[in-house]
Amino acid sequence: MQSEFQKIFQEIQADPDNESFTKQGIKPLYYASSSARINIIGQAPGRIAQEKMKFWDDPSGDRLRTWLGVSRDVFYNSGMIAILPMDFYYPGKGKSGDLPPRKGFAQNWHPQLLKLMPNIQLTILVGAYATRRYLHLRYKDRLTDIVRNYQQYLPDYFPIVHPSPRNKIWEAKNPWFEEQVIPDLQRRIQIALNKQE
């Protein structure tokens, strides 16, 4: 199984669409394991994440782990949590933040990796790009409404907002998120992590 993961990793690096990154010595950033039970799909690595080759190692990551109810050790070292962003490379800076993940990237590589992770019990969709792609939503669909109605996407998908500290204003306006959504998310995470095959 590990050789199959390595083969896909090498194919991603060799893909002509990723040539500019590979030439710079930049490796694709994602976590995939045959033992994974939780899959987190977000936007794309930020610049710092790509430089450090480590996802969610910042205040946003601390908040995400709090929302999930898992420790750093479980998050990074258990092999139980996969992270497949919508793009495995930092897409660069735009006028109002990071550029969006490249179109078609997730469609090409996610299915191949997911085939090697048959034990995924729950997929956490973080933010608009992941939710629109995996829930087949229209661009005009509001993320707030999607998250508020998260139960209709269960048991496979659990959409949430990005855990950036900048979203604290959003949370203050939407207290139901912390009161109702987060406790259910934590409960479902624990069930997925502890489920016996």
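The values are calculated or read from the model by the stated rules, or taken from the named source; none is laboratory data. Predicted model, so just to flag it, every value in this text is computed and none were measured. Cβ atoms come from the backbone with ideal geometry, glycine included; neighbour counts cover every protein chain shown. To get the accessible areas, we keep the full protein, side chains included, count just its heavy atoms, and leave off ligands, DNA and RNA. Shrake-Rupley method; radii C 1.70, N 1.55, O 1.52, S 1.80 Å.
Of all the residues in the range 1-30, those that are in contact with a helix residue (DSSP H, G or I) (Cβ under 7 Å, 6 or more places away or on another chain) and touching a residue at least 40 places away in the same chain (Cβ under 8 Å) number 6. Under 30 Å from Glu179 (Cα atoms) and within 14 Å of the chain's Cα centre (by Cα): is that true of Leu122 in this structure? Yes.
Okay, residues lined up against (1) touching a Leu at 6+ places or on another chain (Cβ under 8 Å); (2) within 24 Å of Arg63 (Cα to Cα):
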| residue | (1), (2) |
| --- | --- |
| Asp87 | no, yes |
| Ala106 | yes, no |
| Lys115 | no, no |
| Ala130 | no, yes |
| Arg133 | no, yes |
| Leu137 | no, no |
| Arg148 | no, yes |
| Leu185 | yes, yes |
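In the range 159-193, which residue that is open to solvent by 50 Å² or more (accessible area, probe 1.4 Å) and of a type in the set (Val, Ile, Thr) is nearest to Arg142 (Cα to Cα)? Residue satisfying both the conditions and the ranking: Ile169. When the range 1-14 is filtered for residues that are at pLDDT 95 or above and within 22 Å of the chain's Cα centre (by Cα), the ones remaining, listed by number, are Glu4, Phe5, Gln6, Lys7, Ile8, Phe9, Gln10, Glu11, Ile12, Gln13. Within the range 128-146, the set of residues being at pLDDT below 95, out of contact with any Ser or Thr (no Cβ under 9 Å at 6 or more places or on another chain) and hydrophobic (A, V, I, L, M, F, W, C) comprises Ala128 only. Between a residue in the range 94-109 that is more than 19 Å from Ile83 (Cβ to Cβ) and any residue that is open to solvent by 70 Å² or more (accessible area, probe 1.4 Å), which pairs come within a Cβ distance under 7 Å, given they are 6 or more apart or on different chains? Short answer, once both residue conditions are applied: Leu99/Lys93.
For beta carbons closer than 6 Å, sequence separation of 6+ or different chains, a first residue in the range 57-71 that is on the phi < 0 side of the Ramachandran plot and a second that is open to solvent by 10 Å² or more (accessible area, probe 1.4 Å) and modelled with pLDDT under 95, the qualifying pairs are Pro59/Pro165; Ser60/Ser164.
For the range 74-84, does any single residue satisfy the condition of being more than 28 Å from Pro183 (Cα to Cα), assigned to a loop (DSSP other than H, G, I, E, B) and in contact (Cβ under 8 Å) with a residue 24 or more places away in the chain? No, because not a single residue in the range 74-84 is more than 28 Å from Pro183 (Cα to Cα), assigned to a loop (DSSP other than H, G, I, E, B) and in contact (Cβ under 8 Å) with a residue 24 or more places away in the chain.
A search for C-beta distances below 6 Å between a residue of the range 154-166 that is within 21 Å of Ala192 (Cβ to Cβ) and modelled with pLDDT of 95 or more and any residue that is assigned to a strand (DSSP E or B) and open to solvent by 60 Å² or more (accessible area, probe 1.4 Å), counting only pairs 6+ apart in sequence or on different chains, returns nothing.
Every test in (1) loosely packed, with under 15 Cβ neighbours inside 10 Å; (2) under 11 Å from the mean Cα position of the chain (by Cα); (3) charged (D, E, K, R) is passed by Lys95 save one, and that test is (2). Of the set (1) out of contact with any helix residue (DSSP H, G or I) (no Cβ under 8 Å at 6 or more places or on another chain); (2) among the aliphatic types (A, V, I, L, M); (3) surrounded by fewer than 21 Cβ atoms within 10 Å (Cβ to Cβ), all apply to Met80 but (1). The numbered conditions (1) assigned to a loop (DSSP other than H, G, I, E, B); (2) of a type outside the set (Phe, Trp, Tyr); (3) touching a helix residue (DSSP H, G or I) at 6+ places or on another chain (Cβ under 6 Å) are all true for Arg138 except (3). Here's a check for you: in the range 1-26, which residue that is aliphatic (A, V, I, L, M) and within 19 Å of Asn119 (Cβ to Cβ) is least open to solvent (accessible area, probe 1.4 Å)? It comes out as Ile8.
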